[in-house]
């Protein structure tokens, strides 16, 4: 949070809580830090019910956040099921993610929130790098803080330097339990394939993921290729 100046005095933060352990832990971390931070900021939690499971995940999110004394607004949307219909031939996950992101931007604007907090962590950043490398042909990843709409909204990822195992430990200390992902495509996405590839690659070498993560801020651009001439 300090490295990327994620929070400032007077910020209004919308926390997107999917029901996964990452976003639940993010909500707990932001609330705990709020008690000791030298600044004041406001937190609102929102859960997008994507229309997959008749509200089961939404109810579990309510119960989990109640454990830490946090209310959550549930936003009903069919954008998840709509994306699956549109993307039957492929691309459903991309469409769903775009729909979800667009809705969160709209809710942040409606609530006058200048920050949108997402639960992505170190493993997600590494996976995104490989997704873009293998499937999009570019070298990039998600960044811990990103200013959008001419500075009106900043997306922040406070768990960006935290790995998945650390998040599980934090969740246990707050007695948080994740909701099962209700998406019918869960476990079959390109991200899941990349995750399995990385697990196999890093098996037996606990330093490898750390090395990959460090490489993302240690780019030697003079040793990369130039874009071929169009002529």
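Annotation note: Cβ proximity below 9 Å between a residue of the stretch 171-200 that is free of Cβ contacts under 8 Å to residues at least 24 places away in the same chain and a residue that is surrounded by fewer than 16 Cβ atoms within 10 Å (Cβ to Cβ) and assigned to a loop (DSSP other than H, G, I, E, B) (sequence gap 6+ or interchain) occurs for 186/180; 187/181; 192/186. Out of 179, 171, one residue alone is assigned to a loop (DSSP other than H, G, I, E, B) and either on the phi < 0 side of the Ramachandran plot or at pLDDT below 95 (or both). It is 179.
Exactly one residue among 165, 146 is in contact with a strand residue (DSSP E or B) (Cβ under 8 Å, 6 or more places away or on another chain), surrounded by fewer than 17 Cβ atoms within 10 Å (Cβ to Cβ) and under 21 Å from residue 20 (Cβ atoms), and that residue is 146. All conditions but one from (1) in contact with a strand residue (DSSP E or B) (Cβ under 8 Å, 6 or more places away or on another chain); (2) farther than 21 Å from residue 111 by Cβ apply to residue 64; the one that does not is (1). Within the stretch 187-231, being out of contact with any helix residue (DSSP H, G or I) (no Cβ under 8 Å at 6 or more places or on another chain) and under 30 Å from residue 53 (Cα atoms) holds for 187, 188, 192, 193, 196, 199. The residues of the stretch 1-30 that are surrounded by 14 or more Cβ atoms within 10 Å (Cβ to Cβ) and either part of a loop (DSSP other than H, G, I, E, B) or modelled with pLDDT under 95 (or both), listed by number, are 1, 4, 6, 7, 11, 17, 18, 19, 20. For the stretch 78-91, the count of residues that are at pLDDT 75 or above, in contact with a helix residue (DSSP H, G or I) (Cβ under 9 Å, 6 or more places away or on another chain) and under 25 Å from residue 13 (Cα atoms) is zero. Can you name every residue in the stretch 185-231 that is assigned to a loop (DSSP other than H, G, I, E, B) and under 19 Å from the mean Cα position of the chain (by Cα)? Across the stretch 185-231, the qualifying residues are 185, 186, 187, 188, 189, 216.
Any chance the stretch 216-229 includes a residue that's farther than 30 Å from residue 68 by Cα and surrounded by 11 or more Cβ atoms within 10 Å (Cβ to Cβ)? The answer is yes; a qualifying residue exists. A single entry from 138, 205, 199 fulfils the requirement of being more than 30 Å from residue 12 (Cα to Cα) and at pLDDT 95 or above: 138. Taking into account only those residues within the stretch 31-53 that are out of contact with any strand residue (DSSP E or B) (no Cβ under 6 Å at 6 or more places or on another chain) and not in a loop (DSSP other than H, G, I, E, B), which is farthest from residue 102 (Cα to Cα)? So the residue we want is 36.
Residue pairs whose Cβ atoms lie under 9 Å apart, sitting 6 or more positions apart in sequence or on different chains, and linking a residue in the stretch 130-151 that is on the phi > 0 side of the Ramachandran plot to a partner that is in a loop (DSSP other than H, G, I, E, B), are 151/114. Consider residue 115 against the criteria (1) at pLDDT 95 or above; (2) within 23 Å of residue 206 (Cβ to Cβ): it satisfies all of them except one. Which criterion is unmet? Just one mismatch for residue 115, condition (2).
The values are calculated or read from the model by the stated rules, or taken from the named source; none is laboratory data. None of the values given here were measured: they were computed from a predicted structure. Reconstructed Cβ throughout: ideal geometry from the backbone, glycine too, with neighbour counts over all protein chains shown.
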